[in-house]
Amino acid sequence: MNLHAVNAIYRFEMARTRRTLLQSVVAPVITTSLYFVVFGAAIGSRINQVDGISYGAFIVPGLIMLSLLTQSISNAAFGIYFPKFTGTIYELLSAPVSMLEVVLGYVGAAATKALVLGLIILGTAAFFVDLQIDHPLVMLMFLILTAISFSLFGFIIGIWADNFEKLQMIPLLVVTPLVFLGGTFYSVSMLSPVWQMVTLFNPVFYLVSGLRWSFYGQSDVSVWVSIGIIVFFLTACLAAVAWIFKTGYHLRS
């Protein structure tokens, strides 16, 4: 493996984050803090507890997952789309760099940035609510698997997109609504039986539920089901990326 190539791509992507620190880190943290103020303070003052957990603390895992998903996708998607847009992708494809090395560089950087942001938001949440993390290793596993999986998904979106509108379409119109409807701000037990059944078809629901279990030992579904969902999604994304590089889909045209 050409570790020099992987390191070069990784460092280039991480350097881009340092150049856009306000947009990449400060803006998401401020946005999440506003969620804590509006939902945790304003609404939380009217809701005593959810499943025995204070409302402000209850929404923390969901807000971390919201930031983790959106940042993983956007970082990876833009990272591979911009070389396509400028035409420098052909230099990368003609270089002695394998598919695995390209993916490790771009996806590794995107996942790293999303993880760092998720941990910053976790630290920010401690200023607003009293946090407890019953299973820190499981929490870290969920964060890592989710960051890698959705960075791969963002990588796929960046290759598929042929304009900036498509680049933003899936994160804004698909992923964000799924997070909001996946139990981020409420327990599924609060819903009617019909909507509880509908929620079970939302894949993000299992991620939020699994991460919440790592915090408080409580979840709407078994944590093993949540782990199975994220592993399945990771495998599917890896297969899709392998197919893209094998066929040259949207890379050679």
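Just one of (1) under 26 Å from residue 54 (Cα atoms); (2) modelled with pLDDT under 90; (3) surrounded by fewer than 17 Cβ atoms within 10 Å (Cβ to Cβ) trips up residue 219, so point out which. Looking at each condition in turn, residue 219 falls short on (3).
Within the stretch 222-236, count every residue that is surrounded by fewer than 19 Cβ atoms within 10 Å (Cβ to Cβ) and either in contact with a strand residue (DSSP E or B) (Cβ under 7 Å, 6 or more places away or on another chain) or in a helix (DSSP H, G or I) (or both). Spell out how you get there, then give the answer.
Going through the stretch 222-236, the residues surrounded by fewer than 19 Cβ atoms within 10 Å (Cβ to Cβ) turn out to be 222, 224-225, 227-228, 231-232, 234-236.
Going one step further and asking which of them are either in contact with a strand residue (DSSP E or B) (Cβ under 7 Å, 6 or more places away or on another chain) or in a helix (DSSP H, G or I) (or both), we end up with 224-225, 227-228, 231-232, 234-236.
Residues in the stretch 222-236 being surrounded by fewer than 19 Cβ atoms within 10 Å (Cβ to Cβ) and either in contact with a strand residue (DSSP E or B) (Cβ under 7 Å, 6 or more places away or on another chain) or in a helix (DSSP H, G or I) (or both): 9 in total.
Could you say whether any residue in the stretch 60-75 is closer than 19 Å to residue 31 by Cβ, surrounded by fewer than 21 Cβ atoms within 10 Å (Cβ to Cβ), of a type in the set (A, V, I, L, M) and within 11 Å of the chain's Cα centre (by Cα)? So far as the stretch 60-75 goes, no, none of its residues is closer than 19 Å to residue 31 by Cβ, surrounded by fewer than 21 Cβ atoms within 10 Å (Cβ to Cβ), of a type in the set (A, V, I, L, M) and within 11 Å of the chain's Cα centre (by Cα). Listed conditions (1) crowded, with 20+ Cβ neighbours inside 10 Å; (2) at pLDDT below 75; (3) of a type outside the set (A, V, I, L, M, F, W, C); (4) under 22 Å from the mean Cα position of the chain (by Cα) are all met by residue 56, apart from (2). For residue 128, the conditions (1) aromatic (Phe, Trp, Tyr); (2) in contact (Cβ under 8 Å) with a residue 40 or more places away in the chain; (3) closer than 20 Å to residue 152 by Cα all hold with the exception of (3). The set of residues in the stretch 215-253 being of a type outside the set (A, V, I, L, M) and within 24 Å of residue 177 (Cβ to Cβ) consists of 215, 219, 220, 226, 228, 232, 233, 237.
In the stretch 76-100, the qualifying residues are those that are of a type in the set (Gly, Ala, Ser) and over 20 Å from residue 147 (Cα atoms), and the one that is nearest to the chain's Cα centre (by Cα) is 98.
For the stretch 5-37, which residues satisfy the criterion of being surrounded by fewer than 16 Cβ atoms within 10 Å (Cβ to Cβ), at pLDDT below 75 and either over 20 Å from residue 80 (Cα atoms) or touching a helix residue (DSSP H, G or I) at 6+ places or on another chain (Cβ under 7 Å) (or both)? 22, 37, listed by residue number. Residue count for the stretch 210-231 under the criterion of being in contact with a His (Cβ under 7 Å, 6 or more places away or on another chain) and more than 19 Å from residue 57 (Cα to Cα): the result is 0.
When you scan the stretch 239-252, do you find a residue that is in contact with a Ser or Thr (Cβ under 6 Å, 6 or more places away or on another chain) and surrounded by 13 or more Cβ atoms within 10 Å (Cβ to Cβ), even just one? Within the stretch 239-252, not a single residue is in contact with a Ser or Thr (Cβ under 6 Å, 6 or more places away or on another chain) and surrounded by 13 or more Cβ atoms within 10 Å (Cβ to Cβ). For the stretch 229-242, the criterion of being among the β-branched types (Val, Ile, Thr), closer than 17 Å to residue 142 by Cα, without any contact (Cβ under 8 Å) to a residue 40 or more places away in the chain and in contact with a helix residue (DSSP H, G or I) (Cβ under 8 Å, 6 or more places away or on another chain) is met by at least one residue.
Would you call residue 108 within 22 Å of the chain's Cα centre (by Cα), crowded, with 17+ Cβ neighbours inside 10 Å and not aromatic (Phe, Trp, Tyr)?
Details: within 22 Å of the chain's Cα centre (by Cα): yes; crowded, with 17+ Cβ neighbours inside 10 Å: yes; not aromatic (Phe, Trp, Tyr): yes.
In short, yes.
The values are calculated or read from the model by the stated rules, or taken from the named source; none is laboratory data. Quick caveat, the model's predicted, so the values are computed rather than measured. Virtual Cβ from ideal backbone geometry, glycine too; neighbours counted across all protein chains shown.
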